[in-house]
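Values in this text are rule-based calculations from the coordinates and carry no lab data. Everything numeric here is computed off the predicted structure, so don't read it as measured data. We place every Cβ from the backbone using ideal geometry, glycine too, and count neighbours over all the protein chains shown.
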Amino acid sequence: MVEIVNQAVHAESPADKISAAKFKATKFQSIKGFYDILPEHTPLWFRLEDTARRVLAQYGYKNIRMPLVEPTDLFVRSVGEHTDIVEKEMYAWEDSLNGDKLTLRPEGTAGCVRAVVEHNLTYNGPVRLWYSGAMFRHENVQKGRQRQFHQIGVEAFGFDAPEVDAEQIVLLARLWRELGIEEVQLQINSIGDAHERIAYRNLLIAYFEQHIDLLDEDAKRRLHTNPLRILDTKNPRMQAICEAAPKLIDCLGDETRAHFDGLCRLLDAAGVAYLINARLVRGLDYYNRTVFEWVTTKLGAQGTIAGGGRYDALVERLGGESTPACGFGIGLERVFLLMQEYGVSADDSPDVYLVNVGEQAEKAAFGIAEQLRNASLQVLLHAGGGSFKSQMKKADRSKAKYALILGDDEVANKQVVLKPMQSDSQIPSKNEQLQCTIEAAIDYLVAGKN
């Protein structure tokens, strides 16, 4: 685990004041793996988030918001003591004020289960929940992999039939369509229940022990703690031995197999194509039965854009009643990159840039801008004076659909001039303009927007 050391905040000393000038010249940069989302990118982020919210509402999922910081033991007990996340990726520390062991959340499911148990959210029956926000892991930074990253998580509690597994997969298929994302592949597997995995684990250990000379150091370290994770190795020299390993899906009992077959039938009926990947195990210990990932070849090594599965024992493990559950997480940075790859765009340009030239025009412009906003129009009001020519240049750079031009003569005549700035505006040509009352201009703009 990555340790964060608490540091007390000291009062400013005379020495601090003397060196203040030096610190004013310091140019700070963001921490490695923590990045800024700039205004040029936020429209596409809004499109991604708004589309996800709309699709989730179509399937009846309700929003829940959990803290960024949780007890460290919550993740040790849920994610697994011998996972990469717990062993070397968590931002964890001891609170110097009270000794609590705390962690910035590396994933969302554990916190959501904690909230469900704490607030007894399943008291009246099954619930469907979703959340979004930042997660934190001390990983090797690369394209699509940051140390602060963002996820949408979706969890369903109280459903034991494969219908909810299929529902979540179909939900994701719909989301990709509505975001304009193509060529993503669904991979599914069943990793069985606990007793089946124990039997398979022993079979796998025996198999790898017969090929111990072919294992890398990471695989040897995992052999007796988490051998299933060896199957997920990215080491090309171990691909052949892992491919030839016994397959868990061949070790399933009748009930688990029936659940997986039911999922496959539902996906077939929904027209969702899939690949059964017998080596798919996911990286967290709490999964059982269904696991799935949506993957792409467009992002290099970071090809998984969403993944999840069933975790029927986790609620009880964290202090609740035995409750079946299923969920998934979406890596928003990777989906964002994929949207860019497919040329998906989003427009947040203002409806109107309000040009105002002259003393009376400047006085009237503020009130007129509010009238426009009262009609649900997005308005960028020019501020700071300047010539008509300079203001029109700024109107053009703003990518506003229209310039609403206000001069002293227009104020005196209770008129405005409406000039289209984009070729797709309702006025036929950018060379034409409309002179009218502000009320008529508002009606015109609202009609064109709707």
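Laid out as a table, the results:
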| read-out | value |
| --- | --- |
| Length-normalised contact order for the range 352-449 - Cα pairs under 8 Å, 6+ apart - percent | 28 |
| Links that overshoot a 26 Å alpha carbon limit, given the list Lys394/Lys449; Lys27/Lys393; Lys62/Lys234; Lys32/Lys298; Lys363/Lys394; Lys143/Lys394 | Lys27/Lys393; Lys62/Lys234; Lys143/Lys394 |
| 10 Å Cβ shell holding at most 13 others, DSSP loop, GluC sites (Glu not before Pro): longest site-free stretch of the chain | 184-320 |
| Percent of alpha-carbon pairs separated by more than 19 Å within the range 198-300 | 49 |
| Folded to 0 to 90 degrees: helix 332-341 orientation relative to the chain principal axis, Cα | 60 |
| Degrees separating the helix 359-374 axis from the principal Cα axis of the chain, which is the longest one | 40 |
| Per residue, the convex hull volume that the Cα atoms of the range 143-189 enclose (Å³) | 135 |
| Kirkwood Rh and Cα Rg combined as Rg/Rh, the range 352-449 | 0.92 |
| Unit charges on C-beta of K, R, D, E only; dipole of the range 352-449, Debye | 440 |
| Size-normalised alpha-carbon gyration radius of the chain, reference 2.2 N^0.38 Å | 1.26 |
| Rg and Dmax [Cα atoms of the range 194-251; Å; Rg one decimal, Dmax integer] | 10.6, 31 |
| Whether the range 34-94 is rounded, prolate or oblate, judged on the alpha carbon gyration tensor where a/c under 1.5 counts as rounded | oblate |
| For the chain, with +1 on Lys and Arg beta carbons and -1 on Asp and Glu, the positive-most of Leu48, Trp294, Pro106 along the dipole | Leu48 |
| Angle between the chain longest axis and helix 254-270 axis [Cα atoms, degrees, rounded to 10] | 30 |
| Mean ellipticity per residue at 222 nm, deg cm²/dmol - from DSSP H runs of n ≥ 4 across the chain, formula -39500 (n - 2.57) | -11000 deg cm²/dmol |
